[in-house]
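Below: one structure, written as structure tokens.
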Amino acid sequence: MKRIFLALAAAVVGAACAAAVQAQDAPAQSGQPAAAPVAQPAAPEVQPILRIQVEGNRRVEADTILSYLLIRPGELPDPRLINLSIQTLYGTNLFSDVRVAIDGTSMVVFVQENPIINRVILEGNRSVNDDRITDEIELQPRAIFTRSRVQSDVQRILQVYRQTGRFAAQVTPQIVELEQNRVDLVFEISEGPVTGVRRIAFIGNEAYPDRRLRSEIVTTEARWWRFFSSNDNYDPDRIEFDREQLRTFYNDRGYADFRVTSVVAELTPDQTAFYVTFNMDEGERYNFGEINVETQISDLNVEFLKAGIPTQPGGLYVGSLIEESVDALTFAAGAAGYAFVDINPQIAINRETQTVDINYVINESPRVYLERIDIIGNTRTLDRVIRRELDIVEGDAFNQALLDISQARVRRLGFFEEVNVEPFQGSAPDRARVQVAVTEQPTGELAFGAGFSSTDAFLVDFSISERNLRGRGQFLRFRVSASSRRQQVDIRFTEPRFLDRNLAAGFDLFQVRSDFSREASFETESTGFTLRAGFPLTRAVQAGVSYTLRTDEVRTFQGVSSSIDRAAGSRVTSLFGYSLTWNRIDDPIEPSNGFRIAFNQDFAGIGGDVRYVRSEIQGGIYRNVFRRDLVLSLTGESGYLFSWGGDTARINDRFFRGGNSFRGFETAGIGPRVVQRREPDEDGDAFVSGDALGGNFYAIGALELAFPLGLPEQYGIRGSLFTEFGTLGLLPDDDQIADDGSANAVFTVDDLSPRASAGLSVFWDSPFGPVRFDFAHAFIKEDYDRARFFRFSTRTGF
């Protein structure tokens with residue numbers, strides 16, 4: 001409208017000018033004298049705008065529209081400002097049409113509003129759920145509809161499908177108009193077939209074959225058995241990541257000049273698959289040449305720094321070691337109090353000698369001290385609960401090692417989803433501020449579990465626990481569990497910093513009923529409490545003390561041997577114990593490196609009816625072998641029970657081993673036992689195995705190699721090969737039954753003979769809980785032992 005108005009005005013002015021010129025020239029051309037000039041009427045004067053009116057708006061207030069205009073009442077109507085005002089209104093995306101008309105001293109702004117989206121509907125998306133698409137698109141219910149936004153969202157949806165390998169997908173937007181200027185936006189999706197990667201080829205690789213390089217990238221060739229994986233779908237972002245993977249692979253094997261020159265992806269005519277080709281230039285293989293460290297910081301010993309970095313002269317060039325060396329130098333400088341050092345590795349490639357020289361330049365910076373520690377994000381946990389885990393306080397010299405330890409200790413609390421301890425520049429170059437940023441996570445738990453095992457049959461477990469009671473870091477749990485062989489009720493409370501000291505203290509109240517009728521023809525019921533405390537002696541050594549007072553009632557069955565029947569009745573046990581643990585493993589759940597040694601000893605007899613000293617020691621060594629996911633472990637444990645004061649340890653206080661504690665045997669499947677002589681059977685067994693009696697001494701070791709089974713990591717399936725060996729024995733004299741030599745004699749056997757087994761264990765972190773399968777063969781055993789080849793157990797929570 002504006003353009004038409006300006007064109008008409010220009011035409012009128014042009015015609016007027018032409019007529020005036022003709023009127024002036026006409027007398028001269030006719031030879032007549034020029035007429036006297038006649039006064040022309042003056043051009044109409046442009047009047048200022050006195051009133052601005054808005055029409056056509058429904059939702060948008062008139063004042064809001066007027067605020068976008070560049071002309072105000074009292075100003076002349078400048079066409080340039082009118083044009084800019086129209087463009088500004090269009091830029092708000094609120095209007096589909098804007099017009100401006102001037103009538104004398106009034107200016108009318110006509111607008112047509114864009115509709116509001118009532119619903120966004122997805123149709124035809126079977127392989128991609130609605131949430132994934134709606135998270136990507138811009139248009140949502142109650143948003144303003146524009147066609148440009150619709151087209152942008154169409155491209156976003158197509159990109160989602162390309163990431164899932166469907167390059168033939170098509171998206172057609174449909175608009176359903178509703179009353180009150182509302183619309184329903186419908187995206188009709190035709191997904192098309194999955195566009196897989198039919199073949200991956202490499203050009204220019206001489207050192208490593210195609211098969212080796214395919215194993216280093218994430219993208220895989222499509223195969224029918226890979227129905228659980230999406231890595232065989234073509235994804236441009238994944239291809240870029242694969243380029244980086246190849247570069248890292250070659251750089252870590254000496255090829256400093258390696259580069260991927262191009263990646264060509266060719267789509268088949270039927271749009272069902274891609275042929276991907278990596279073109280590369282391997283270059284030559286290099287070794288490390290001269291390695292130097294330069295610094296002007298006098299507190300840093302250059303020779304010490306050079307000896308501590310992974311890059312060493314003469315070794316094969318490994319690109320990732322440069323970054324590790326920078327991290328090592330940064331850590332060393334931080335440990336010396338220099339928090340914000342800038343380390344620049346200067347790399348010089350010598351193609352004549354095929355060496356790479358590296359000069360690490362540590363720029364000078366002042367020694368830094370901590371001026372403030374800020375804790376943010378702890379909406380529930382008290383500040384002091386976090387601060388007491390930090391190994392740093394305000395005023396300390398900066399130490400990066402202590403920051404890393406502090407972060408690990410706060411994370412180990414288990415109260416937070418994320419923990420970040422980061423230093424920032426303080427108010428001066430020699431001052432630093434440390435920020436501890438945490439993200440709270442739920443610490444209360446209401447759990448109901450169910451399980452099944454070949455030993456306990458069904459297991460039901462119910463518990464209510466809070467790991468961060470009232471934000472003070474205290475632990476409280478009430479638990480009830482029941483199986484066919486064991487029922488337990490207990491309450492546990494722990495204060496991790498008793499009296500604000502580095503001392504964990506707590507108590508347990510419990511009642512436990514156990515059924516050993518299958519193994520030893522008796523049942524027990526124990527009721528009592530335990531007071532306990534634990535404290536660190538060093539960073540890796542923990543100590544603990546405890547006191548337990550309980551009542552043990554033993555019920556035996558009719559016809560049992562005197563060795564078992566002697567334990568029948570109720571007795572009070574007053575038990576004082578202590579423990580020492582030296583723990584240097586890297587992961588408490590799945591250790592792969594380090595060792596752990598634990599020793600505990602209990603003294604019974606300070607009050608009560610029983611008197612004994614029980615000592616146990618456990619240990620284990622874990623090491624990665626060949627690869628990070630191969631873990632070799634050697635573990636062992638041993639225990640000894642010594643009675644004193646004329647007392648003899650009862651059967652419920654002795655050691656029993658087998659089942660989970662000695663794979664290849666049943667629970668209580670080894671050790672002293674009541675047997676009956678018989679004629680040897682076809683297997684050569686000359687004994688009828690009776691009740692297990694336990695022993696006062698045991699020693700068991702295990703050598704195990706844990707490994708992945710080659711399945712995708714998300715399946716959570718691992719395996720291990722193992723062999724276990726050990727013995728159990730030393731039955732008290734009072735419980736021995738002598739062999740009278742008769743054909744059907746009943747007597748006890750106790751010979752501390754060695755046992756050994758070997759087998760395979762499979763662990764599965766299934767969707768319904770952890771599952772364990774044990775296949776073990778006892779290849780060294782006694783005739784009266786009870787072996788078991790297969791065991792399994794599972795557990796799930798609700």
Cut-off 10 Å between beta-carbons: net charge of the residues surrounding T551, Lys and Arg +1, Asp and Glu -1: -2
Work from the charge dipole of segment 465-505 (Cβ charges, +1 for Lys and Arg, -1 for Asp and Glu, about the Cα centre) and give the residue of Q488, F498, F478 farthest towards its positive end. Q488
Enumerate the whole-percent occupancy of each 20 Å bin, from 0 to the last occupied one, for all C-alpha pair distances of the chain. 10, 26, 29, 20, 8, 4, 2, 1, 0
Explain nothing, just the number: dipole magnitude of segment 49-102 about its Cα centre with +1 on each Lys and Arg Cβ and -1 on each Asp and Glu Cβ, in debye rounded to the nearest 20. 40
In Å and whole numbers, how far do the C-alpha atoms of segment 158-272 stretch along each principal axis, longest first? 69, 30, 26
What would the Debye formula give as log10 I(q)/I(0) at q = 0.20 Å⁻¹ for the alpha-carbon point model of segment 379-436, no solvent? -0.76
Share of Cα-Cα pairs in segment 628-767 beyond 20 Å, in percent? 58
How big is the Rg/Rh ratio for segment 187-336, C-alpha atoms only, Rh by Kirkwood, two decimals? 1.16
Share of the chain's accessible area from carbon and sulfur, percent, 1.4 Å? 53
Treat every Asp and Glu Cβ in segment 482-624 as -1 and every Lys and Arg Cβ as +1, leave all other atoms uncharged, and give the resulting dipole magnitude about the Cα centre to the nearest 20 debye. 260
Cα-based Kirkwood hydrodynamic radius, segment 374-490, one decimal, Å: 16.9
Cα-centred dipole magnitude for the chain, charges only on beta-carbon of K, R (+1) and D, E (-1), debye, nearest 20: 1220
Probe 1.4 Å, all protein chains in place: accessible area of L531 in Å², nearest 10? 90
Rank R387, R409 by accessible area, highest first, at a 1.4 Å probe radius? R387, R409
Below 11 angstrom from the Cβ of S592, what's the summed charge of the other residues (Lys, Arg +1; Asp, Glu -1)? -1
Sorting F278, I376, A776 by the position of each Cα along the dipole of the chain (Lys, Arg +1; Asp, Glu -1; all at Cβ), the one nearest the positive end of that ordering is I376
Hey, what did segment 404-446 get for relative contact order, percent, Cα under 8 Å, at least 6 apart? 37
Determine the relative contact order of the chain: mean sequence separation of Cα pairs under 8 Å and six or more apart, normalised by residue count, in whole percent. 5
Show log10 I(q)/I(0) for segment 529-652 at q = 0.14, 0.22 Å⁻¹, two decimals, from a solvent-free Debye sum over equal Cα scatterers. -0.77, -1.21
Give me the base-10 log of I(q)/I(0) for segment 72-211 at each q in 0.12, 0.14, 0.16, 0.22 Å⁻¹, Debye formula, one uniform scatterer per Cα, rounded to two decimals. -0.67, -0.78, -0.89, -1.24
Listed residue (L402, A207, V46) projecting farthest to the positive dipole end of the chain, Cβ model: V46
Given Cα pairs under 8 Å that are at least 6 residues apart, what percent is the relative contact order of segment 584-713? 22
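The values are calculated or read from the model by the stated rules, or taken from the named source; none is laboratory data. These figures come from a predicted structure and were not determined experimentally. Cβ sites come from the backbone with ideal geometry, for glycine too, and all protein chains shown count toward neighbours. In case anyone asks, the SASA skips ligands and DNA or RNA and just uses the protein heavy atoms, side chains included. Shrake-Rupley method; radii C 1.70, N 1.55, O 1.52, S 1.80 Å.
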